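Undergrad: The following block contains the structure, expressed as structure tokens.
The values are calculated or read from the model by the stated rules, or taken from the named source; none is laboratory data. Here the structure is a predicted model, which means the values were calculated and not measured. Here the Cβ is made from the backbone with ideal geometry for all residues, glycine too, and neighbour counts use every protein chain on show.
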Amino acid sequence: MKVLKFGGTSVGSPERMRHVAELITKERRNVIVLSAMSGTTNTLVEIAEYLYKGNIPGAQETVNGLYAKYMTVVEQLLTTMQAKARAAAAITRVFALLRSYFSEPLTEAGEKEILAQGELMSTSLMQCYLEEQGVKSVLLPALDFMRTLDSGEPDMQHIQVRLRRMIDLEPDAELFITQGYICRNDHGGIDNLKRGGSDYTASILGAVLDADEIQIWTDIDGMHNNDPRYVEGTKPVSTLHFEEAAELAYFGAKILHPACVLPAKLHNIPIRLLNTLDPEAPGTLICNSTPDRKLKAVAAKDNITAIKIKSGRMLLAYGFLHKVFETFENHRTSIDMIATSEVGVSVTVDDDSHLAAIVDDLKHFGTVTVDRDMVIICVVGDLEWEHCNFESKVLEALEGIPVRMISYGGSNYNISVLVRRDDKVRALKALSEKLF
Ligand code: ADP
Ligand code: ASP
Ligand code: MG
């Protein structure tokens, strides 16, 4: 059994949905995870924003626009009157629910329910289409088995037991369709795995089902060696180690949700990144491959804040680092990069929601400086320390670009540098030119 996930663009139009249907019916009894049609989750976010602001006409107009779009999809995707009627009824139910929020103040639980509708609609449309095509497809509602714990982590045991039971109850099913991204939280309320979370769903399902492979189908032919949104001429990387892929995903390679690699890695299930627009392209295989003495790819993570704490005698002052880290922990803020010296320590965070309180607390231990609008550039590859010249090549490539921090040696797989936002694209291009 394999788990195949199709992203927003892959199911973004009736034509694309038909193409996905063709791809998924080539093999039997796989689990298919679908995202919302592209643009839908953004529109649902917008609707929630209007509702939070009490702007009901704004919400109405946006809901009406989305409804018209989905009715067109129903019309163009399906052929028979029965299938069209079934799909239209499902879509109409979703919009009745959205409209029910016009008359009450929006709560966080309500917002989560609104955000879940994109995946619920894309999967019911696909299910209607497959039924119309005579495919024995079974829709497995993610809200019946996807659950997170109090910590926000997936409840793997619960997911495994429920999902296996649901699959075993359908011995004749040719394939299974389910929603990415959406889940229930530990209170049983509707929740989600954060933006881009369908990749994470696929990896969790692959792990609990002990799948042969997890396939992430998207709009590009695999993980490229640099961010194609900023650098021209990037190329797909054929193989990545789980650790390399995890670093790239965490440090900004949008093609993968940051948490998606871990469940696959723990269960040693290969992830293949494939292109719906070019299904024959080899894509990228992420597995437990042996390192091959190469620098593989570069990614960038935006909106980073650097915080420097200077103290007279930092390293000799026993417990100084502990106090600094404890301050961040007290404010539930995780640290990405660290650099230390005898007189100070610099750290970076991407969540600055508690920054003022953190800085206030840190002032007990030293002089604090904050640099905002920074970017972490992460170079990934076989960076085992005994291999010469890789780190020097990275720094050479960045000649002329001010570097605020460097982090190397934390793993065998990456070197990260912190630069100003304004230098990001220049740095990415320079790295591509010198390294690949
Ligand atoms: P989906 O909707 O299928 O989940 P995403 O938009 O989330 O797709 O991810 C695919 C996009 O990720 C690509 O279109 C590309 O613009 C972007 N991307 C960023 N960095 C990389 C990279 N290193 N390799 C490939 N794609 C990348
Ligand atoms: N639909 C969700 C989003 O747009 C989840 C996903 O596409 O992975 O973030
Ligand atoms: Mg995505």
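Undergrad: Checking the conditions here, which among ILE167, ILE177 is touching a Leu at 6+ places or on another chain (Cβ under 9 Å), not small (Gly, Ala, Ser) and not in a strand (DSSP E or B)?
TA: ILE167
Residues are listed down the side, and each one gets a yes or a no for (1) farther than 26 Å from GLY189 by Cα; (2) more than 29 Å from the chain's Cα centre (by Cα); (3) surrounded by 16 or more Cβ atoms within 10 Å (Cβ to Cβ):
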{"residue": "THR79", "(1), (2), (3)": "yes, yes, no"}
{"residue": "GLN82", "(1), (2), (3)": "yes, yes, no"}
{"residue": "ALA88", "(1), (2), (3)": "yes, yes, yes"}
{"residue": "ILE91", "(1), (2), (3)": "no, no, yes"}
{"residue": "ALA96", "(1), (2), (3)": "no, yes, no"}
{"residue": "PHE102", "(1), (2), (3)": "no, yes, no"}
{"residue": "PRO105", "(1), (2), (3)": "no, yes, no"}
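Undergrad: Test TYR230 against the criterion of being among the aromatic types (Phe, Trp, Tyr), modelled with pLDDT of 95 or more and part of a loop (DSSP other than H, G, I, E, B), and give yes or no.
TA: Criteria met by TYR230.
Undergrad: Here's a follow-up. Check whether at least one residue in segment 34-47 is surrounded by fewer than 22 Cβ atoms within 10 Å (Cβ to Cβ), touching a Phe, Trp or Tyr at 6+ places or on another chain (Cβ under 6 Å) and not in a strand (DSSP E or B), and report yes or no.
TA: Within segment 34-47 (the criterion being surrounded by fewer than 22 Cβ atoms within 10 Å (Cβ to Cβ), touching a Phe, Trp or Tyr at 6+ places or on another chain (Cβ under 6 Å) and not in a strand (DSSP E or B)), the answer is no, since none of the residues qualifies.
Undergrad: Moving to a separate point now. Can you work out which of the residues in segment 216-249 that are within 12 Å of ligand 1 (Cβ to nearest atom) and among the small types (Gly, Ala, Ser) is surrounded by the most Cβ atoms within 10 Å (Cβ to Cβ)?
TA: Filtering first and then ranking leaves ALA245.
Undergrad: Tell me which of these SER137 doesn't satisfy, since it passes every other one: (1) in contact (Cβ under 8 Å) with a residue 24 or more places away in the chain; (2) surrounded by fewer than 17 Cβ atoms within 10 Å (Cβ to Cβ).
TA: (2)
Undergrad: I've got another one for you. Can you spot a residue in segment 26-42 that is closer than 24 Å to GLN76 by Cβ, hydroxyl-bearing (Ser, Thr, Tyr) and away from ligand 3 (no atom under 16 Å from the Cβ)?
TA: No: zero hits.
Undergrad: Another question, if that's okay. List pairs: first in segment 153-172 and under 17 Å from GLY188 (Cα atoms), second buried (at least 16 other Cβ atoms within 10 Å of the Cβ) and of a type outside the set (A, V, I, L, M), Cβ under 6 Å, 6+ apart or cross-chain?
TA: PRO154/THR148; ASP155/ARG147; HIS158/ARG147; ILE159/PHE145; ARG162/PHE145; LEU163/PHE145
Undergrad: In segment 388-436, what count of residues is obtained for those that are in a helix (DSSP H, G or I) and aromatic (Phe, Trp, Tyr)?
TA: 1
Undergrad: Continuing with the same structure: Just a yes or no: is a residue in segment 353-366 within 25 Å of the chain's Cα centre (by Cα) and surrounded by 15 or more Cβ atoms within 10 Å (Cβ to Cβ)?
TA: Yes, segment 353-366 contains a residue that is within 25 Å of the chain's Cα centre (by Cα) and surrounded by 15 or more Cβ atoms within 10 Å (Cβ to Cβ).
Undergrad: In segment 302-321, is there at least one residue being within 20 Å of the chain's Cα centre (by Cα) and not aliphatic (A, V, I, L, M)?
TA: Yes, some residue in segment 302-321 is within 20 Å of the chain's Cα centre (by Cα) and not aliphatic (A, V, I, L, M).
Undergrad: Before we move on, is ILE255 more than 26 Å from ASP292 (Cα to Cα) and of a type in the set (Val, Ile, Thr)?
TA: No; evaluated as a whole, the condition is false for this residue.
Undergrad: Here is a further query. Look at ILE32 and say whether it is touching a Ser or Thr at 6+ places or on another chain (Cβ under 9 Å), away from ligand 1 (no atom under 16 Å from the Cβ) and not aromatic (Phe, Trp, Tyr).
TA: No; evaluated as a whole, the condition is false for this residue.
Undergrad: Count, please, the residues in segment 188-231 that happen to be free of Cβ contacts under 8 Å to residues at least 60 places away in the same chain and within 14 Å of the chain's Cα centre (by Cα).
TA: Residues meeting the conditions: 1.
Undergrad: Mind checking which residues of segment 171-196 are on the phi > 0 side of the Ramachandran plot, surrounded by fewer than 19 Cβ atoms within 10 Å (Cβ to Cβ) and within 16 Å of ligand 3 (Cβ to nearest atom)?
TA: LYS194
Undergrad: Quick check on segment 369-382. Is at least one of its residues acidic (Asp, Glu), more than 30 Å from PRO228 (Cα to Cα) and at pLDDT below 95?
TA: No: segment 369-382 contains no residue that is acidic (Asp, Glu), more than 30 Å from PRO228 (Cα to Cα) and at pLDDT below 95.
Undergrad: From the list GLY118, GLY152, which residue is of a type in the set (Gly, Ala, Ser) and either modelled with pLDDT under 95 or over 28 Å from the mean Cα position of the chain (by Cα) (or both)?
TA: Every option except GLY152 fails the conditions.
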